[in-house]
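S.K.: What follows is a structure written as structure tokens; I'll ask about it next.
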Amino acid sequence: MLGNLDTVWHVFKKLFDRKVTVQYPEEKKPLSPRWRGRIVLTRDPEGGERCVACYLCAVACPVDCIALQATEDAAGRRYPATFRINFARCIFCGMCEEACPTYAIQLTPDFEMSEYDRHRMVYEKEHLLIDGPGKVPDYDYWKHAGVAIAGKDTGEGVEDRPPVDPLGLLP
């Protein structure tokens, strides 16, 4: 008998509490600034692809959901001929974004990606590539790291001496 009164009292007390239900999709809860959602490929300020097909994102991915194939254009600039992400396997950990040296891969706050067919969760390069530069608008990899180093081809500045052997193991 006493247990039933406690239950009724508890229900009556909760009857006037504030509702916590969010009427999704009309109402949306605010996301954290560090939210990791859908992956996109960004462009540099000139409009070219930032991705240089270095495969670091595919190596860093713990579930192996990124696949790409590198190619070069006439100027010798590398870019991915194909870039594929299987979002059915992706755990949105952000390791690919951290591994990318060119800021090409970025995670957006978009999380509404549900599908009825699992094969539609595989996104190709044309689905991932956006028009804007993303979170880092002024960074251009080819201006910083893609410029040829003066004298690299001729070997200038390289001293012809044997390697340093601090342990004295080399003859």
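S.K.: Do any residues in the range 83-99 that are under 16 Å from Phe111 (Cβ atoms) have Cβ atoms under 6 Å from those of residues that are open to solvent by 60 Å² or more (accessible area, probe 1.4 Å) and outside any loop (DSSP other than H, G, I, E, B), where the two are at least six apart or on different chains, and which pairs are they?
M.R.: Close Cβ pairs (under 6 Å, with a partner that is open to solvent by 60 Å² or more (accessible area, probe 1.4 Å) and outside any loop (DSSP other than H, G, I, E, B)) amount to Ala88/Arg118.
S.K.: Also: Out of the residues in the range 42-81 meeting the condition of being of a type in the set (Asp, Glu) and surrounded by 15 or more Cβ atoms within 10 Å (Cβ to Cβ), tell me which one is modelled with the lowest pLDDT.
M.R.: Applying the filter and picking the extreme gives Asp44.
S.K.: If you take the residues of the range 53-78 that are within 15 Å of Leu128 (Cα to Cα) and in a loop (DSSP other than H, G, I, E, B), which of them is nearest to the chain's Cα centre (by Cα)?
M.R.: Cys65
S.K.: Can you name the condition, by its number, that Arg50 falls short on among (1) farther than 30 Å from Arg77 by Cα; (2) of a type in the set (Lys, Arg); (3) in contact with an Asp or Glu (Cβ under 7 Å, 6 or more places away or on another chain)?
M.R.: Of (1) farther than 30 Å from Arg77 by Cα; (2) of a type in the set (Lys, Arg); (3) in contact with an Asp or Glu (Cβ under 7 Å, 6 or more places away or on another chain), only one is false for Arg50: (1).
S.K.: If I filter the range 24-41 down to residues being open to solvent by less than 100 Å² (accessible area, probe 1.4 Å) and of a type outside the set (Ser, Thr, Tyr), which single residue comes out as farthest from the chain's Cα centre (by Cα)?
M.R.: Among them, the one singled out is Glu27.
S.K.: Further, regarding this structure: Gln106 versus (1) modelled with pLDDT of 90 or more; (2) not in a strand (DSSP E or B): which is the lone unmet condition?
M.R.: The failed condition is (2).
S.K.: Still on this model: For the range 79-123, give me the residue count where each residue is within 12 Å of the chain's Cα centre (by Cα) and acidic (Asp, Glu).
M.R.: 2
S.K.: Based on what the data block shows, is Glu124 free of Cβ contacts under 8 Å to residues at least 12 places away in the same chain and not basic (Lys, Arg)?
M.R.: No; evaluated as a whole, the condition is false for this residue.
S.K.: Another question, if that's okay. Tell me, which residue of the range 109-131 that is modelled with pLDDT of 90 or more and part of a loop (DSSP other than H, G, I, E, B) is least open to solvent (accessible area, probe 1.4 Å)?
M.R.: So, considering only residues that are modelled with pLDDT of 90 or more and part of a loop (DSSP other than H, G, I, E, B), the one least open to solvent (accessible area, probe 1.4 Å) is Glu124.
The values are calculated or read from the model by the stated rules, or taken from the named source; none is laboratory data. As the structure is a prediction and not an experimental result, all values here were calculated from the model. FYI the Cβ positions are ideal-geometry reconstructions off the backbone, even for glycines, and counts take in every protein chain you see. Side chains are part of the model used for accessible areas, which takes the heavy atoms of the whole protein and leaves out ligands, DNA and RNA. Shrake-Rupley method; radii C 1.70, N 1.55, O 1.52, S 1.80 Å.
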